[in-house]
1. Which numbered condition trips up residue 110, out of (1) within 20 Å of residue 6 (Cβ to Cβ); (2) touching a residue at least 24 places away in the same chain (Cβ under 8 Å); (3) not assigned by TED's automatic domain parsing to the domain that holds residue 16?
2. Considering only region 91-113, state which residues are assigned to a helix (DSSP H, G or I) and farther than 19 Å from residue 152 by Cβ.
3. Which residue pairs have Cβ atoms closer than 6 Å, lie 6 or more positions apart in sequence or on different chains, and pair a first residue in region 83-99 that is modelled with pLDDT of 95 or more with a second residue that is surrounded by 13 or more Cβ atoms within 10 Å (Cβ to Cβ) and assigned to a helix (DSSP H, G or I)?
4. If I filter region 4-13 for residues that are out of contact with any helix residue (DSSP H, G or I) (no Cβ under 6 Å at 6 or more places or on another chain) and either at positive phi or without any contact (Cβ under 8 Å) to a residue 40 or more places away in the chain (or both), do I get at least one hit?
5. Sort out which residues of region 90-99 are touching a strand residue (DSSP E or B) at 6+ places or on another chain (Cβ under 9 Å) and surrounded by fewer than 14 Cβ atoms within 10 Å (Cβ to Cβ), and write them in order of number.
6. For region 1-63, list the strands (runs of 3 or more DSSP E) that sit wholly inside it and hold at least 2 residues that are more than 14 Å from the chain's Cα centre (by Cα); which are they?
7. For a quick check of your reading of the model, give me the residue pairs whose first member lies in region 122-136 and is in the same structural domain as residue 148 (by TED's automatic domain parsing) and modelled with pLDDT of 95 or more, whose second is outside any helix (DSSP H, G or I) and crowded, with 17+ Cβ neighbours inside 10 Å, with beta-carbon atoms closer than 8 Å and at least 6 apart or on different chains.
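The values are calculated or read from the model by the stated rules, or taken from the named source; none is laboratory data. Since the model is a prediction, treat every value here as computed from it, not as a measurement. As a convention, Cβ positions derive from the backbone with ideal geometry for all residues, glycine included, and neighbour counts pool all protein chains shown.
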């Protein structure tokens, strides 16, 4: 077990989510799947309780805890993308698998987990500060999925 692992709460389909993430993102995999040794508030003895997985190298534990808690935007995975094709690929995978679009590069997967797909051109513009950052930020605020060409145009002024 890792020293620090992100624990993500699912109603009952942590393994399905983990396997989807492993198929979708590089450096991602599903590890140990553990079953409950006895009944618990979200399920019965023998039900899948936890699944170890990684998302882009980040260790996670999916917990099938029932419907007591919901995912919120207070937690999200932020994935840096290199270009529009990579941004589109991840965005379309999440949204196209029962997810929902939001604003400024955010979307939610069908399990309610939030994702941010942030092209490096946007991060680089923000790091420059000043007018470049302001133009890139104002352009981003009008978008759902980030449009790399529009960010590049905003950076150029």
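1. Evaluating residue 110 over (1) within 20 Å of residue 6 (Cβ to Cβ); (2) touching a residue at least 24 places away in the same chain (Cβ under 8 Å); (3) not assigned by TED's automatic domain parsing to the domain that holds residue 16 leaves (2) as the failure.
2. 92, 93, 94, 95, 96 - these are the residues of region 91-113 that are assigned to a helix (DSSP H, G or I) and farther than 19 Å from residue 152 by Cβ.
3. Pairs that qualify, where the first residue is modelled with pLDDT of 95 or more and the partner is surrounded by 13 or more Cβ atoms within 10 Å (Cβ to Cβ) and assigned to a helix (DSSP H, G or I), are 84/148; 93/24.
4. No, region 4-13 contains no residue that is out of contact with any helix residue (DSSP H, G or I) (no Cβ under 6 Å at 6 or more places or on another chain) and either at positive phi or without any contact (Cβ under 8 Å) to a residue 40 or more places away in the chain (or both).
5. none
6. 29-35, 48-55
7. Pairs that qualify, where the first residue is in the same structural domain as residue 148 (by TED's automatic domain parsing) and modelled with pLDDT of 95 or more and the partner is outside any helix (DSSP H, G or I) and crowded, with 17+ Cβ neighbours inside 10 Å, are 122/105; 122/146.
One line per residue, one yes/no per condition, for (1) surrounded by 13 or more Cβ atoms within 10 Å (Cβ to Cβ); (2) touching a strand residue (DSSP E or B) at 6+ places or on another chain (Cβ under 8 Å):
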| residue | (1), (2) |
| --- | --- |
| 77 | yes, yes |
| 85 | no, no |
| 103 | no, no |
| 108 | yes, yes |
| 113 | yes, yes |
| 127 | no, no |
| 134 | yes, no |
